1. Using Cα-Cα distances under 8 Å and only pairs 6 or more residues apart, what relative contact order does segment 1-150 have, in percent?
2. Roughly how many nanometres apart are two label points built 7 Å out from the Cα toward the Cβ at residue 17 and residue 187?
3. Out of all DSSP beta bridges in the chain, what portion is antiparallel? Express it as a percent rounded to 5.
4. With the chain treated as a Gaussian network of Cα nodes joined by springs under 10 Å, which of 112, 188, 63 yields the largest mean-square fluctuation?
5. Find the centroid of the Cα atoms in segment 61-121 and in segment 148-173, then give the distance between the two in whole Å.
6. Add -39500 (n - 2.57) for each DSSP H run of 4 or more in the chain, then divide by its residues: what number comes out at 222 nm, to the nearest 500 deg cm²/dmol?
7. If I build a Gaussian network model for the chain, linking alpha-carbon pairs within less than 10 angstrom, which residue out of 173, 95, 44 has the largest mean-square fluctuation?
Ligand SMILES: Cc1ncc(C[n+]2csc(CCOP(=O)(O)OP(=O)(O)O)c2C)c(N)n1
Ligand SMILES: [Mg+2]
């Protein structure tokens, strides 16, 4: 994904646009070769790209301690001369401010940066994964640091009138989710023969020549 965004922001720069790209990757994703090649390319091309690396403790079922010999994903950026910041990923406002700094630097021609957001994965890697390998105590600890709850608390401390607004937003989000779920449940299952679709070069080439 970083390689793709490299292309997007490089193309935008060649067209004289002031675009800044932002791309997200997990801790597990930063252990792939593709991440390292793309990070190096972004650095040497001085691309306006902000890489948000979400360190949520697990790559599918593998804890970060068994996946890398460093504590901070930010250290990966150092290898490529990319400036980085480590931020509490559960602190919405801290993440916002860090992103604002990184985007401003890219926009000023300062090149790429990496934000390591330290957090925790509260669900399995995907719907099929019941995360039985995650100690319950860890989940209990992190649940207390729920980012939405913490932001609501901060907002309420700053402005007591905001409670009604938060209630309205919550109601709207719940309605949206219920409607979308109903729509998704009403859709037919995909045809088994579509599983191979748009995977092989012949089909991709067909799209290009169409
Ligand atoms: C190149 C490559 N190697 C291995 C996999 C298999 N795989 C799928 S998800 C995953 C772990 C991803 O970890 P992370 O980025 O931390 O995501 P999270 O589990 O936190 O959602 C792996 C190893 C893959 N998709 N691609
Ligand atoms: Mg992860």
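1. 25
2. The two pseudo-label positions are separated by 2.7 nm.
3. Expressed as a percentage, antiparallel bridges in the chain total about 10.
4. 188
5. 28
6. -15000 deg cm²/dmol
7. The residue that fluctuates most here is 173.
Just so you know, all these numbers are worked out from the coordinates, no wet-lab data involved. A quick note: this is a predicted structure, and the numbers were derived from the prediction, not measured. Note that we place each Cβ from the backbone using ideal geometry, even for glycine, and neighbour counts take in every protein chain shown.
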